[in-house]
Amino acid sequence: MDSRNAIEVRNMSKYFKIDYDKSNTLKDKLLYWKRHKVERHQVLNDINLNIRKGETVALIGTNGSGKSTLLKLMTKIIFPNSGEIKTDGKLTSLLELGAGFHQDFTGRENIYFNASIFGLTRKDIEERIDEIIEFSELGEFIDNPVRTYSSGMYMRLAFSVAINVDADILLIDEILAVGDQHFQEKCYRKLEELKRKGKTIVIVTHTLDVVKKLCHRAIWLYKGEVRLDGDPVYVIDEYLEQVAKDHKEERMKALESGDGKGRAAITIDHPRDFSKLELSDNKIKFDGWALTDDEAADFIITLDNEAVEYELCKRTDVYEVYKEIYAGFIDENKIGWIFYRNLNDLGVGEHKLKVQYMDKKGNILDEKECQFKVLNEVA
Ligand SMILES: Nc1ncnc2c1ncn2[C@@H]1O[C@H](COP(=O)(O)OP(=O)(O)OP(=O)(O)O)[C@@H](O)[C@H]1O
Ligand SMILES: [Mg+2]
């Protein structure tokens, strides 16, 4: 193993066997034994990684992409089917909530139990137990059985132990997300401190801002492989783009197969409903915004039931609000719509503006209407 590395992963693959045996009773099992099927589910495929000593690294990827599995492999509570994982240094991990705790033991008893797993002697633990309890802020709850703890309380205890066992390598899975604002911030400050001290940290999280702030490096797992590995800002950008693309593909398939109906949102910013416009204003601007995830849908604007020509323009404000819901479908430069009219041409009296999105089957995805009045020129 290269002495600069804290973790080395070499040609490592991991699959799980999934048992499709749905029969519950013995009779079913006997009758249908031939239908019993075991399938391989390949989760990680030929992974190669070097994690340097002193690096803070994030593992990112969508749900089910294998992040937790990779951390468990690094922790050595599960093992690869092929290839290998080596670690150099004392390692501690924060995996699923409650893992490593005895439900009927108190928080205090669990500290002894948990810390001894990490190689601390009773004397070591006694020296630092006050610090551990203080960091956890569990107060008198520390003497209650952990089965009575909330998720946040579990996490407080687990994190406090993990940072006090003098590990060189700290592996953290998601778990911090269940902490309240105050405790989360405290944890991240602590991680910053450990990072400054040169510890190696591997963290799994969906909180991408944290990755950008805390990590030297981000590794993106996609379909069982390392898709990108490098500067967090770059990797996150590419990752989000792919998420949007996948989301788009899924929506398109649903729309094409008729399973889904498109979504759309439309707003008229100006004129507002029942506006009274002075003829003296002469030229008036009509504008608003519209978006949809059905690319085949028609966007139609009519003024007094006649279609008008419009221009599309940039609406960053709308983009920011809707970018997640319409991931992959919206181009911020083409959200706004705008056109001008001469009020003289419209004439004095009531008028109607209608804006709509209609899909190929004639369903109206969204529409907005507004009535306004053009007044006589004021003297
Ligand atoms: N013990 C297991 N037996 C069978 N399949 C498993 C097992 N553990 C994980 N898997 C499968 O492996 C895949 C990866 O799971 P994993 O928990 O590593 O994903 P993840 O990236 O941590 O996702 P999330 O963001 O939801 O936490 C999933 O499809 C999951 O169903
Ligand atoms: Mg996970």
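Need the failing condition index for Ser68 against (1) farther than 25 Å from Ser3 by Cα; (2) outside any helix (DSSP H, G or I); (3) within 16 Å of ligand 1 (Cβ to nearest atom), just the number.
(2)
Only one residue in Gly262, Gly224 is more than 30 Å from Asp359 (Cα to Cα), crowded, with 18+ Cβ neighbours inside 10 Å, over 17 Å from the mean Cα position of the chain (by Cα) and of a type in the set (Gly, Ala, Ser), so which one is that?
Gly224 is the lone residue from the list that is more than 30 Å from Asp359 (Cα to Cα), crowded, with 18+ Cβ neighbours inside 10 Å, over 17 Å from the mean Cα position of the chain (by Cα) and of a type in the set (Gly, Ala, Ser).
Residue by residue, here is whether (1) at pLDDT 95 or above; (2) touching a helix residue (DSSP H, G or I) at 6+ places or on another chain (Cβ under 6 Å); (3) under 17 Å from Ile266 (Cβ atoms) holds:
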| residue | (1), (2), (3) |
| --- | --- |
| Glu295 | no, no, yes |
| Asp345 | no, no, no |
| His351 | yes, no, no |
| Ala379 | no, no, no |
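Scan Gly224, Gly179, Gly198, Gly230 and give me the residue that is free of Cβ contacts under 8 Å to residues at least 60 places away in the same chain and over 12 Å from Val57 (Cα atoms).
Gly179
Yes or no, residue by residue, for (1) assigned to a helix (DSSP H, G or I); (2) under 21 Å from Leu194 (Cα atoms); (3) basic (Lys, Arg):
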| residue | (1), (2), (3) |
| --- | --- |
| Asp104 | no, no, no |
| Ile111 | yes, yes, no |
| Ala115 | yes, yes, no |
| Gly119 | no, yes, no |
| Ile125 | yes, yes, no |
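Any idea which residue in segment 167-216 is modelled with the highest pLDDT, counting only those that are assigned to a loop (DSSP other than H, G, I, E, B), surrounded by 18 or more Cβ atoms within 10 Å (Cβ to Cβ) and within 15 Å of ligand 1 (Cβ to nearest atom)?
Filtering first and then ranking leaves Thr205.
Being without any contact (Cβ under 8 Å) to a residue 12 or more places away in the chain, over 30 Å from Asp19 (Cβ atoms) and not aliphatic (A, V, I, L, M): is that true of Thr87 here?
no
Can you name every one of the strands (runs of 3 or more DSSP E) wholly within segment 269-379 that holds 1 or more residues which are aromatic (Phe, Trp, Tyr) and within 34 Å of the chain's Cα centre (by Cα)?
283-292, 298-303, 336-342, 349-358
When you go through Ile125, Ile129, Ile111 one by one, which is the residue that is under 23 Å from Lys186 (Cα atoms), in contact (Cβ under 8 Å) with a residue 24 or more places away in the chain and over 31 Å from the mean Cα position of the chain (by Cα)?
Ile111
So, in segment 141-166, of the ones that are of a type in the set (Ser, Thr, Tyr) and surrounded by 15 or more Cβ atoms within 10 Å (Cβ to Cβ), which residue ends up farthest from Arg4 (Cα to Cα)?
Tyr149
Mind checking which residues of segment 90-103 are in contact with an Asp or Glu (Cβ under 8 Å, 6 or more places away or on another chain) and either of a type in the set (S, T, N, Q) or surrounded by 15 or more Cβ atoms within 10 Å (Cβ to Cβ) (or both)?
Listed by number, the residues that qualify are Leu91, Ser93, Leu94, Leu95.
May I ask you to list the residues in segment 36-62 that are within 16 Å of ligand 2 (Cβ to nearest atom), of a type outside the set (S, T, N, Q) and either part of a loop (DSSP other than H, G, I, E, B) or in contact with an Asp or Glu (Cβ under 6 Å, 6 or more places away or on another chain) (or both)?
Gly61
Can you work out which of the residues in segment 77-98 that are out of contact with any Ser or Thr (no Cβ under 8 Å at 6 or more places or on another chain), assigned to a loop (DSSP other than H, G, I, E, B) and more than 13 Å from ligand 1 (Cβ to nearest atom) is nearest to Glu8 (Cα to Cα)?
Only one residue fits best here, namely Lys90.
Given (1) aliphatic (A, V, I, L, M); (2) part of a helix (DSSP H, G or I); (3) in contact (Cβ under 8 Å) with a residue 40 or more places away in the chain; (4) more than 23 Å from Ala297 (Cβ to Cβ), identify the lone condition not met by Met252.
(4)
What number of residues within segment 352-363 satisfy the criterion of being of a type outside the set (D, E, K, R) and either more than 29 Å from Asp294 (Cβ to Cβ) or exposed (fewer than 12 other Cβ atoms within 10 Å of the Cβ) (or both)?
Total meeting the criteria: 1.
Considering only segment 41-74, state which residues are buried (at least 20 other Cβ atoms within 10 Å of the Cβ), more than 22 Å from Ile18 (Cα to Cα) and of a type in the set (S, T, N, Q).
Thr56
The values are calculated or read from the model by the stated rules, or taken from the named source; none is laboratory data. All figures in this text were calculated on a predicted structure; none of them were measured in a lab. Every residue, glycine among them, receives a Cβ derived from its backbone with ideal geometry; neighbour counts consider all protein chains shown.
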